[in-house]
Structures are given as structure tokens and as C-alpha cells.
Amino acid sequence: EAQVTQNPRYLITVTGKKLTVTCSQNMNHEYMSWYRQDPGLGLRQIYYSMNVEVTDKGDVPEGYKVSRKEKRNFPLILESPSPNQTSLYFCASSPIGRVSYGYTFGSGTRLTVV
Amino acid sequence: DAKTTQPPSMDCAEGRAANLPCNHSTISGNEYVYWYRQIHSQGPQYIIHGLKNNETNEMASLIITEDRKSSTLILPHATLRDTAVYYCIVRVAGETSGSRLTFGEGTQLTVNP
């Protein structure tokens, strides 16, 4: 089944403790992206990647890092999480260069930083 | 990407057609109209997209006005499981730079029994 898989689904952590949220897609998509969703603010893009080793900042990149060493994986790294990073996170992927069928989103990761 | 305007909420009776409007008066000639929905904190789900012709798939129909300044998503026989926030987005399809989906507030569709 074509899908974007995020792990974990739920995570509670403490301020300053480094964490990684994994994202993997099995559709050979070039484009991958991370969004966060907060009440009243909608979905905002954190980082995106056009292909392996190509990443760029989205609208709200502060406090986050990403890497794209393989086409299928796009982990989101919080080096020193803070409570304002408590949010619902989504990974998405899409093909590039042609009219696509839209983005495929993962099921989400609900992160709480205390 | 062009900005879109949607009503914040709509109600629909189960089994009836749900017609969700979207205004995109500043749409450019190479921008497509995409519709996504999000069911209660799940990942957004792609529904349909179109450029200028009406489109239909197994989930919905998309009607785009001739001047392309507005569109309507039609769910022909709404069910309770169609209760969700529906997002209308316009963007250039297949662009190779900054391919960001900009989500607005969307329309909360509530399907009532």
C-alpha cells in the first residue's frame, strides 16, 4: 500500500532532550515536507526537500533540523525541544515535475514537550 | 500561490449532496485548484484537483467556473464519515521550486443524520 509512515504517533518529552520523528514513504516521491498544525494557526510548513541531499526552510524552521540521505526517509530532528514545539506534526510526500495526484500525508505525530 | 476564501462552516444532511464553495479570484493561468480534507486531526487527504475543466473521481466532483475565479467541490451523497475540514488550495502543479501547500482555515463540513 502506498503510504507515508511517521513514528511515533504520540510522544511526550522534556525540555532539552533531543528527539527524532521519523518519516518514510514507499512511493519513490522526490518531494517530502514537514508541517506542524496548531489551533488557530492551521498547517505551517517547517522544512521541505526536493530530492536526496536537497533541503530548504519552510515558514517555521526555527528549532528544527532535517536530513535527506535516502529518497524514502525524511526525519525531523528537534535538538533541544521547547514547550512551544508542542504540536501535531505531519510529514507529506509528492512526485515532482508533472501534474500530481496531490500530496500524501502521514497519520501525524502528536508531540508534547513539558 | 493565489489566496482562497471559503466559508468557515457548513451543514449537510446525510445522503444529500454537499456543495462546498471556494473563491480564488487572483488565480493565475497555470495554477490548479486542489481540494483536501482533514478528518479530526488525521493527516490531510487529497480529494481532487483541476485546471479549468470539471473533474470527477470516486470521491467527489469539482466544478470550476469559466473565469476560474471560483470552484465548488461536490460530495454527491454525503455520509457521516465525510464530516471533516475541507481545504481549497491553488498552486502550480509540478513546480520544481518551493512546492509548498498553503492551507487556509478551510470549511468545517458537518454531516447530520
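A few comments on the model shown:
- Given charges at Cβ of Lys, Arg, Asp, Glu: the protein assembly as shown dipole, positive-most of B:GLY104, A:GLY102, A:VAL114: A:VAL114
- Pairs from A:LYS18/A:LYS65; A:LYS17/A:LYS57; A:LYS17/A:LYS65 whose Cα-Cα separation, in the structure shown, is over 18 Å: A:LYS17/A:LYS57
- Three-way shape call for region A:1-111 based on the alpha-carbon gyration tensor, with the a/c threshold at 1.5: prolate
- Averaging the Cα positions of each part gives two centres, and for region B:36-89 and region A:29-68 these lie 24 Å apart.
- Chain A: antiparallel DSSP beta bridges as a percent of all, rounded to 5: 90 percent
- Simple rule: put +1 on each Lys or Arg Cβ and -1 on each Asp or Glu Cβ in region A:1-76, find the dipole, and look at A:SER67, A:TYR35, A:PRO8; the Cα lying farthest toward the positive end is A:PRO8.
- Between A:SER107 and B:THR79, the C-beta separation translates, for a Förster distance of 25 Å, into a calculated FRET efficiency of about 0.75.
- Radius, Kirkwood style, for the protein assembly as shown when every pair of distinct Cα atoms is counted (Å): 18.2 Å
- Residue mean of other protein chain beta carbons inside 10 Å, A:39-48: 3
- The residues A:GLU30, A:GLU70, B:GLU66, A:GLU1, when put in order of fewest to most other Cβ atoms within 10 Å, stand as A:GLU1, B:GLU66, A:GLU70, A:GLU30.
- Distance between the 7 Å Cα→Cβ label points at A:LYS69 and B:GLU58: 3.8 nm.
- Only Lys, Arg (+1) and Asp, Glu (-1) charged, at Cβ; region B:18-113 dipole about Cα centre in debye: 120 debye
- Excluding same-chain neighbours fewer than eight residues apart, the lysines reachable from B:LYS69 by a Cα-Cα span under 29 Å are B:LYS3, B:LYS52.
- Taken over the Cα atoms of region B:1-48, the convex hull encloses 119 Å³ per residue.
- For chain B, the calculated P(r), taken from all Cα-Cα distances in 10 Å bins from zero up to the bin holding the longest distance, is 15, 49, 30, 6, 0 percent.
- Prolate/oblate/rounded call for region A:26-82, Cα gyration tensor, a/c under 1.5 rounded: prolate
- Cα-centre dipole for the protein assembly as shown with unit charges at Cβ (Lys and Arg positive, Asp and Glu negative), debye to 20: 540 debye
Values in this text are rule-based calculations from the coordinates and carry no lab data. Not measured: the values here are computed from a predicted model. Neighbour counts run over all protein chains shown; Cβ positions are idealised from the backbone, glycine included.
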